[in-house]
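Novice: My questions all concern the structure below.
The values are calculated or read from the model by the stated rules, or taken from the named source; none is laboratory data. A quick note: this is a predicted structure, and the numbers were derived from the prediction, not measured. Cβ placement follows ideal geometry from the backbone for every residue including glycine, while neighbour counts extend to all protein chains displayed. Remember, those area values only see protein heavy atoms, side chains included, never the ligands or the DNA or RNA. Shrake-Rupley method; radii C 1.70, N 1.55, O 1.52, S 1.80 Å.
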Amino acid sequence: QVQLVESGGGLVQAGGSLRLSCAASGDTICITSTGWYRQAPGKERELVAIITGDVMTTDGSTRYTDSVEGRFTISRDNAKNTVSLQMNDLKPDDTAIYYCHVDLGPFCPDSESWGQGTQVTVSP
């Protein structure tokens, strides 16, 4: 099993920045990719950014949803077993609960794991 704990959410004015962190523990060798999702009130959960690879991978490919391209950056710190999401030039539409998610390898007990979520609120 893999446990995920998010941190770094909060309230910020439009144009500001926040950095979210996702700390993984447990069977982290099972991780094949890590993503950040978000869910705004009344909307479906959507993928924001994803980075491939496990804790042994030094480089991983990244992908972003169009609305955050150029403003958000996902990165991994293998020494700390964390994946971060640097969010710059935040907009009110970025307001949502942000969730960390990992896909797990086929020989691991579970196929995925989710964090508990962290609230990001961007005021106009």
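Conditions tested, residue by residue: (1) assigned to a strand (DSSP E or B); (2) within 18 Å of residue 21 (Cβ to Cβ).
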{"residue": "67", "(1), (2)": "no, no"}
{"residue": "76", "(1), (2)": "yes, yes"}
{"residue": "79", "(1), (2)": "no, yes"}
{"residue": "83", "(1), (2)": "yes, yes"}
{"residue": "90", "(1), (2)": "no, yes"}
{"residue": "97", "(1), (2)": "yes, yes"}
{"residue": "106", "(1), (2)": "no, no"}
{"residue": "109", "(1), (2)": "no, no"}
{"residue": "121", "(1), (2)": "yes, yes"}
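Novice: Among the candidates 10, 35, which residue alone is within 15 Å of residue 118 (Cα to Cα) and in contact with a Cys (Cβ under 8 Å, 6 or more places away or on another chain)?
Specialist: Details: 10 fails: in contact with a Cys (Cβ under 8 Å, 6 or more places away or on another chain).
Answer to the check: 35.
Novice: Kindly evaluate residue 34 against the criterion of being open to solvent by 30 Å² or more (accessible area, probe 1.4 Å) and among the hydroxyl-bearing types (Ser, Thr, Tyr).
Specialist: It is false that residue 34 is open to solvent by 30 Å² or more (accessible area, probe 1.4 Å) and among the hydroxyl-bearing types (Ser, Thr, Tyr).
Novice: Taking the options 43, 80, name whichever one is among the charged types (D, E, K, R) and more than 26 Å from residue 1 (Cβ to Cβ). Can you show your working first?
Specialist: On the way: 80 fails: more than 26 Å from residue 1 (Cβ to Cβ).
Testing whether each residue is among the charged types (D, E, K, R) and more than 26 Å from residue 1 (Cβ to Cβ) leaves just 43.
Table: residues versus (1) open to solvent by 80 Å² or more (accessible area, probe 1.4 Å); (2) under 11 Å from residue 9 (Cα atoms); (3) out of contact with any Leu (no Cβ under 6 Å at 6 or more places or on another chain).
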| site | (1), (2), (3) |
| --- | --- |
| 96 | no, yes, yes |
| 102 | no, no, yes |
| 107 | yes, no, yes |
| 119 | yes, yes, yes |
| 124 | yes, no, yes |
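Novice: Taking only region 6-31 into account, find how many residues are outside any strand (DSSP E or B) and either surrounded by 21 or more Cβ atoms within 10 Å (Cβ to Cβ) or touching a Lys or Arg at 6+ places or on another chain (Cβ under 9 Å) (or both).
Specialist: Of the residues in that region, 4 qualify.
Novice: List, please: which pairs have Cβ atoms under 6 Å, are six or more places apart or on different chains, and start with a residue in region 65-78 that is farther than 12 Å from residue 36 by Cα and open to solvent by less than 50 Å² (accessible area, probe 1.4 Å) and end with one that is basic (Lys, Arg) and at pLDDT below 95?
Specialist: Sorted first by the residue in region 65-78, then by its partner, the list stays empty.
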